[in-house]
Amino acid sequence: MIDRSLQEQPAVSPGSLLVAHPSLTESNFRRSVILMVSDSKEQGAMGVVLNQSKEVTLGQQELEMLPSPLAQVPLYQGGPVAPRQLLLVAWRWEPDVGVFQLLFGIEAAKAAELLVNNTGFQVRAYLGYAGWSQGQLQSELQAGAWLPMQLTPEIDSLDADPLWRFLLASKGAHMQLASYAPDKPALN
């Protein structure tokens, strides 16, 4: 039986998702979902890992943020590149017109303004980002390490393994089953 959903992959582009294949066990990207921010043949690719929550808010991690509207913004590990660099990212869906707006690397004042003015933007903070040198991501895609996917509103409500599993399930029963495989099958 041929699973066509695995043969017809959408292109990787800013605003698309990369979902780690279940066989990808590298610790920085195991079970990760990456929101792509840029992909250039000349400069490489960049994104942030959406589903590796640090389980703290920005105010708990950065005490100078306590008096700010940003204090309650969730903090995530964005990737292994520049892991101490704080990146503020905001997005919102406009389903009526089929638009996804993404603001990447915005200033703290702009992020606070989006929250205070109740603009409908989700605001998240990321430590570091995921980056690939020229040609590296294409090699990993050809090796099957990543499944490119279109954005889905579930990135707002699901986190960690549930988001990863939800996206894999959209690729068919085979991928859904693979997402529940134990980390160390020999121990079963």
- Item | Over 28 Å [Cα-Cα, the chain], rounded percent | 27 percent
- Table column - 3J(HN,Hα) (Hz), the stretch 29-35, Karplus curve with 6.51, -1.76, 1.60, x for Gly and Pro: 10, 4, 6, 9, 10, 10, 8
- Message: With a cut-off of 8 Å between alpha carbons and a minimum separation of six or more residues, what is the relative contact order of the stretch 1-135 in percent?
- Response: 24 percent
- Calculate one ³J(HN,Hα) per residue across the stretch 137-151 by plugging θ = phi - 60° into the Karplus curve 6.51 cos²θ - 1.76 cosθ + 1.60, and present them in order as whole Hz with x for glycine and proline. 5, 4, 5, 5, 5, 5, 7, x, 6, 10, 10, x, 9, 7, 4
- Message: Check which residues have an amide H placed less than 5 Å from Asn51's amide H, if you skip close sequence neighbours.
- Response: Val33
- Once phi is turned into θ = phi - 60°, what whole-Hz ³J(HN,Hα) does the Karplus curve with 6.51, -1.76 and 1.60 give for every residue of the stretch 52-69, x standing for Gly and Pro? 10, 5, 8, 6, 9, 9, 4, x, 6, 8, 10, 4, 5, 8, 4, x, 9, x
- Query: What is the helix-to-structure angle for 160-169, meaning the angle in degrees between its Cα long axis and the longest Cα principal axis of the chain, kept from 0 to 90 and rounded to the nearest 10?
  - Reply: 40 degrees
- Under 5 Å from the placed amide H of Ser16, counting only residues 5+ away or on other chains, we find Met36
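No lab work stands behind these numbers, since they all come straight from the coordinates. What you are looking at is a predicted structure, and each value in this text was computed from that prediction instead of being measured.
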